[in-house]
Structure formats: structure tokens, C-alpha cells
Amino acid sequence: MQPWTVLVVDDEASLRNALVRLLQPTYKVLAAEDARSALGVLEREAIDGVILDVRLPDQSGMELLKLFRERADAPEVLMMTGQGSIAEAVEAMKAGAQDFLSKPFNDLDLILLAVQKALEKRRLLLRTRQLERELEERERGFELVGNSPRIRELSKLVRSLAGTESNVLITGESGTGKELLARAIHRHSPRHRGPFVAVDLGSL
């Protein structure tokens, strides 16, 4: 697996470089000195996490945070400031920041822990999205297996029925796959996001 990519955004060169050195053994680390440079990096690179100063020379860090969070591939963001307040911290968390860090940093382990926690959240989020896509693809997939003329004809019929609002009666002997056909019609229908309920009349 490729290492996570972290972007450090701070106009103070000494602090920016110190954070880069701190994180480089574990992550791929990029740096930017202002909002414009940070947005440029974001357009070129896939960024997983951002350590972002609240005060930047060309734009508010809070405004930049909102731009980050509006992206479809929004990274996890840790805000930092040397003049932090509870109000700023609350605003940052409401805007989607993962954490709020106060400068100067007295314990570097806390920085590493905060970054690790943010990226673990991202890992879980990406995994959840992947599972949702796989589930939707499976639900939208067609279950009839085979390539005979009868199977192809049946597949075509199921797809044509799926787009209608008509009731469909499927008949056949036990074990011939009536429920399988019903599920296939449901999965291709406009109601595919709703539940499919099978009722076994024999059991009732």
C-alpha cells in the first residue's frame, strides 16, 4: 500500500520544515507556505491529510478548510494556531476539521498521534465507500448465469420488465428459479434501492 500523503500549510518556514521532518519517516510529506500554493498542490497530488495554519498571508485558514472539505476527495484536516481560542476550535470542528492543535508544540508525540488518528478515520471512510460501491454493483448486477439462447432471451425479457410499473407473475415448478428472476427484475427496476421481500406461501 502506498504511504499516506500529508500536506503541511504554514507561512512560518521553521515550523513548516520541522513538521515535514517529523512526519517524513512515516508519510509522504508535501509543504506549502500559503493558500494559493496549497490549492496548487491539491490539484496536482492526491492528499490524504492536511496540517493547516489558521492564519495565512493570502487567505484565512478557515476559508481554505471549507474549500478542502467541499472536494469529493476531501482530505482530513488538522487545524493549528499559535493564538487559538475555544471559539476558533469550535468553528474549525464544525467546518469539518478533524482536530485543532495549539502552537507551540510541547509534545511532538501528540502531533504524530493526531495525524495517525485522522488518517485512520480516512482509511475507514475509504473502506466504507469501497464496500458501498461493491454492494451497489452486486445489487445492480444480473444473476442469471449462462449463454444459451433461452438464457439470453430470458435476460432480455427481465430487463424489459424491470422498467415497467406492471405487476409480474412468474410461474414454474418448485426449484426452477422463480425468486431468482424476481430478484433480478427488482434489481434492475427504479425501486432497486428499496427492500426486496420474499414470502414463502408454503411455509405460511
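Quick note: the coordinates plus some simple rules give every number you see, no bench work behind them. All values derive from a computational prediction rather than experimental measurement. All Cβ positions, glycine included, derive from the backbone under ideal geometry; neighbour counts span all protein chains shown.
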Directionally averaged projected area (convex hull, Cα atoms, the stretch 1-123), nm²
7.0
Measure nothing fancy, just the Cα-based angle from helix 13-23's long axis to the longest principal axis of the chain, in degrees from 0 to 90, nearest 10.
50
What does the charge add up to near Ile170, with Lys and Arg as +1, Asp and Glu as -1, over the other residues with Cβ less than 9 Å from its Cβ?
0
Relative to the chain, whose Cα atoms define the longest principal axis, helix 35-44 and its Cα axis are tilted in degrees, nearest 10, by 40
Kindly provide the GluC sites (Glu not before Pro) of the stretch 32-78 that DSSP labels as loop, not H, G, I, E or B, and whose Cβ sees at most 11 other Cβ atoms within 10 Å.
Glu70
Kirkwood-based Rg over Rh for the stretch 50-105 (C-alpha set), two decimals?
0.94
Expressed as an acute angle from 0 to 90° and rounded to the nearest 10, what is the orientation of the C-alpha long axis of helix 108-140 relative to the principal long axis of the chain?
20
For the pair Ile86 and Asp200, how long in nm is the line joining their label points, each one 7 Å along Cα→Cβ?
6.0
If I stretch the segment between Glu165 and Gln130 completely, what's the gain in nm (0.36 nm per residue apart, minus their alpha carbon distance), one decimal?
9.4 nm
